[in-house]
Structure formats: structure tokens, C-alpha cells
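The values are calculated or read from the model by the stated rules, or taken from the named source; none is laboratory data. What you see is a predicted model, and the numbers here were worked out from it, not measured in a lab. Note that each Cβ is placed from the backbone with ideal geometry, even for glycine, and that neighbours are counted across all protein chains shown. Heavy atoms of the whole protein, side chains included, go into the accessibility calculation; ligands, DNA and RNA do not. Shrake-Rupley method; radii C 1.70, N 1.55, O 1.52, S 1.80 Å.
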Amino acid sequence: MINLVIFGGPGSGKGTQSDLLIKRLGLSHLSTGELLRAEIASGSALGKLVDSYISKGNLVPDALIINILDNKIDTLLEGKGMILDGFPRTVEQANALREMLARRSTEVNFLIDLDVPREILIDRLLKRGQMSGRSDDNLETIQHRLEVYTKQTAPLLELYKRKNKYLHIDGSGSIEEIYQRIVSHLAL
Ligand code: B4P
């Protein structure tokens, strides 16, 4: 079994690279961002609550997202392993993940950190915003998401570095170039 976390700032290509890796490795995939957007699209009360965080560029509360993963983890682990895309995003989420996996006698093997300069992230997300109409892909919200990433998410990289599970990937360049870097680093 192989369990990967795909990590990086907003617009770093987590979703894009996860889709390619899943096809190659046959792993299960959980994108917390996609799941939350589906909840918003359903128009449920929970979706309205989630939207109040995402549209402002804030993270949704840890308890909510940890509960979602807790409900899905057994299904995700049924096959060859999983790719977690957009989770964990806080130290509390990383600790909850470690405990959930330890209870099932497994662990995260690698965290793949897609490292992309700030200007490229902003450019990608503004381009996506023009096509997708995502409420969080406008300049003001993107800048706030980058701040949230620096303050709340980036600190958990240290946890994975200390455990030698950290894989740094230059996340600039074409989608194919980045994919090839990941594949060769993981020796897939
Ligand atoms: P996510 O859906 O995870 O969104 P993201 O960080 O914006 O995007 P990602 O890195 O996946 O980028 P993508 O591949 O799409 O989260 C959205 C929100 O949900 C968060 O801000 C937060 O509020 C909430 N949330 C999610 N998980 C949470 C958690 N665990 N806890 C709390 N809150 C949570 O790529 C972006 C764009 O760039 C695309 O248009 C793509 O086509 C393009 N692109 C990708 N790679 C490229 C390349 N190499 N060259 C050119 N363009 C590229």
C-alpha cells in the first residue's frame, strides 16, 4: 500500500497532478476542495456554511474536514492506497490523519510538495477564475488564500521533513514536466 499527500499553495497543481498520478498508480483519490465544492453545489445547509469560509479564502474548520475524512478513510484504503489532495492543511489535521492511519496499521509514505513561486500561482488562479467562475479565484481572495497557506498550512511541512517523508518538487513549468519530475523522484 502507498499513501501519498499532494501538497502546495493554492493553484500549485495539486488537483492536476493527482489526476495524472491516480491513472498511473491506480490509487484512490480524495480532494477535499472538490468534495467541499460539491457540497456547496448541492445547496445544503452544510454547503452554505462551507461557502461562507471558501468564498472568503479561509479554511473550513478542522473538525468538519476531519469528520469528512474519518467517514471516507476505510473506503479510500480498500485498494492499493490513496492520494490525499488538499488534506492535511493544518497541524491539527496532520495529527488526526496520523492517528487515523496508525489505527489501521498504515501511514503516509510521502508528502509531495509542489513548490511554485507566488507570481505563477496568482497568474494560474486568475486564469482559472476567468473560465470557472470560482468564487475564490479573484485577486483579493487569492492573496488571502496565499496568506492562509503561509500561516496555517506551510508550517506542517516541518512535521514531514522531520520524518523523512518530504519530497520537494519544483512545481513550475508545464504540467507534463512537473509530472515527470514526480514520477522520477518517486522512482515509479
Ligand atoms: P482546493 O480545491 O484544494 O484548491 P486549490 O488549492 O486552489 O487548488 P489546486 O492546487 O488543486 O490547483 P489545481 O490543480 O486545480 O481548495 C479550495 C478551498 O477549499 C481552500 O481554499 C479551502 O477553503 C477549502 N479546503 C480544501 N481542503 C481543505 C482542508 N483540508 N481544510 C480546510 N479547508 C479546505 O490548479 C490550479 C490551476 O492551475 C488550474 O486551472 C490548472 O489547470 C492550472 N495549472 C496547474 N498546473 C499547471 C501548470 N504546470 N502550468 C499551467 N497551469 C497549471
Scanning the range 174-188 for residues that are open to solvent by 50 Å² or more (accessible area, probe 1.4 Å) and touching a helix residue (DSSP H, G or I) at 6+ places or on another chain (Cβ under 9 Å), the one farthest from LEU157 (Cα to Cα) turns out to be GLU176
Exercise for the section: Return yes or no: is THR75 buried (at least 18 other Cβ atoms within 10 Å of the Cβ), out of contact with any strand residue (DSSP E or B) (no Cβ under 6 Å at 6 or more places or on another chain) and among the polar types (S, T, N, Q)? Expected result: no
Of the residues in the range 123-153 that are among the aliphatic types (A, V, I, L, M) and either within 11 Å of the ligand (Cβ to nearest atom) or surrounded by 15 or more Cβ atoms within 10 Å (Cβ to Cβ) (or both), the one that is modelled with the lowest pLDDT is MET131
If you go through ARG98, ARG24, ARG89, the only one that is at pLDDT 95 or above, of a type in the set (D, E, K, R), open to solvent by 10 Å² or more (accessible area, probe 1.4 Å) and more than 12 Å from the ligand (Cβ to nearest atom) is ARG98
When you look at SER55, is it surrounded by 14 or more Cβ atoms within 10 Å (Cβ to Cβ), modelled with pLDDT under 95 and within 12 Å of the ligand (Cβ to nearest atom), yes or no?
no
